[in-house]
Amino acid sequence: MSDVRTLSPLDRLLTGIERALETTLGDPPAHRPSPGAELPQPELAEDERRHAAGLMRVNHTGEVCAQALYEGQAALARDAATRRHLLAAAAEENDHLAWCGERLRELDSRPSVFNPLWYAGSFAIGAVAAAVDDRVSLGFVVETERQVEAHLGAHLKRLPAQDERSRAILRTMQADEVRHADNARTRGGIDLPPPVPSLMRLASAVMKAVAYRL
């Protein structure tokens with residue numbers, strides 16, 4: 001007889017709550033070294049430091065949302081292979097979260113005070129998408145990652161020119177997001193109907209505006 005117990009939906013929900021607390025209140029470690037670790041600390045004027053910190057706080061909050069979205073989707077995924085795929089992607093997103101958190105500390109700043117709120121909203125969205133259908137859930141991954149890819153591209157241009165340490169982090173994150181979107185599409189993710197992508201962009205704009213400052 002196997003000693004491996006299949007997790008029930010309640011088990012997965014409780015595990016998700018534990019991960020939520022670690023993501024929003026803890027300091028989860030990365031499994032990969034930060035892409036900017038070997039680069040020198042840039043000399044930044046005070047306004048440049050605040051601007052770089054604001055951008056990296058937005059990116060940190062984005063990774064909090066990504067963790068929540070994947071966890072919500074995995075909690076209610078119908079197919080075990082889809083659940084494993086989502087959790088594997090979440091593990092890579094956890095690296096992004098840790099890298100952004102580390103960079104914020106280097107910039108003498110902190111994460112958004114609203115991260116628990118962002119997490120709760122994103123988890124709910126992921127769970128609802130998964131409750132509809134795994135293909136819809138994977139479609140949310142595709143659309144989310146495409147929007148994040150574009151957002152990171154904008155931040156790469158907006159960072160202070162000498163802040164290659166932050167820029168190296170964002171470039172690696174962007175490459176990972178492209179791969180996550182491609183993988184979700186390959187696994188059957190469908191295009192989301194309008195106005196869902198537009199509503200996602202609107203919600204993202206609100207989050208970015210608030211997280212940049214708070």
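What follows draws every value from the coordinates through simple rules; no lab data is involved. All values derive from a computational prediction rather than experimental measurement. Using ideal geometry, Cβ is built from the backbone for each residue, glycine included, and neighbour counts are taken over all protein chains shown.
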Local charge sum around residue 119 (other residues, Cβ-Cβ under 10 Å, Lys/Arg +1, Asp/Glu -1)? 0
Among the trypsin sites (Lys or Arg not before Pro) in segment 10-119, which ones are in a DSSP loop with at most 13 other Cβ atoms within 10 Å of the Cβ? Mind listing them? 78
Output the relative contact order of the chain, whole-number percent, from Cα pairs under 8 angstrom with separation of 6+ residues. 28 percent
Rounded to the nearest 0.05, FRET efficiency between residue 186 and residue 150 (Cβ-Cβ, R0 30 Å) equals 0.90
For labels at residue 38 and residue 50 in the simple 7 Å Cα→Cβ model, what's the distance in nm? 3.5 nm
Pick out the long, greasy-scoring helices in the chain: whole DSSP H runs spanning 18 Å or more along their own axis by Cα, mean Kyte-Doolittle at least 0.5. 115-132, 196-213
Stretched out fully, how many nm does the piece from residue 117 to residue 30 gain, at 0.36 nm a residue minus the Cα gap? 29.0 nm
For 198, 122, what ranking results if the residue with the fewest other Cβ atoms within 10 Å of its Cβ goes first? 198, 122
Specify which residue in the list 30, 115, 70 is farthest towards the positive end of the charge dipole of segment 28-130, using unit charges on the beta carbon of Lys, Arg (+1) and Asp, Glu (-1), about the Cα centre. 70
Taking a crude spin-label model, label points 7 Å out from Cα along the C-beta direction, the residue 81 to residue 178 distance in nm is 2.6 nm
Within segment 34-69, what residues put their amide N at less than 15 Å from the label point 7 Å along the Cα-to-Cβ vector of residue 171? 34-40
Quick one: net charge of residue 109's neighbours, Cβ under 15 Å, K/R +1, D/E -1? 0
What value, in deg cm²/dmol to 500, does the helix sum -39500 (n - 2.57) over DSSP H runs of n ≥ 4 give at 222 nm once divided by the residues of the chain? -26000 deg cm²/dmol
Stretch gain in nm, segment residue 109-residue 8, where the contour uses 0.36 nm per residue and the Cα spacing is subtracted: 32.4 nm
Among 163, 133, 47, which comes first, second and so on when ranked by fewest other beta-carbon atoms within 10 Å? 47, 133, 163
Residues 79, 134 arranged by fewest to most Cβ contacts within 10 Å: 79, 134
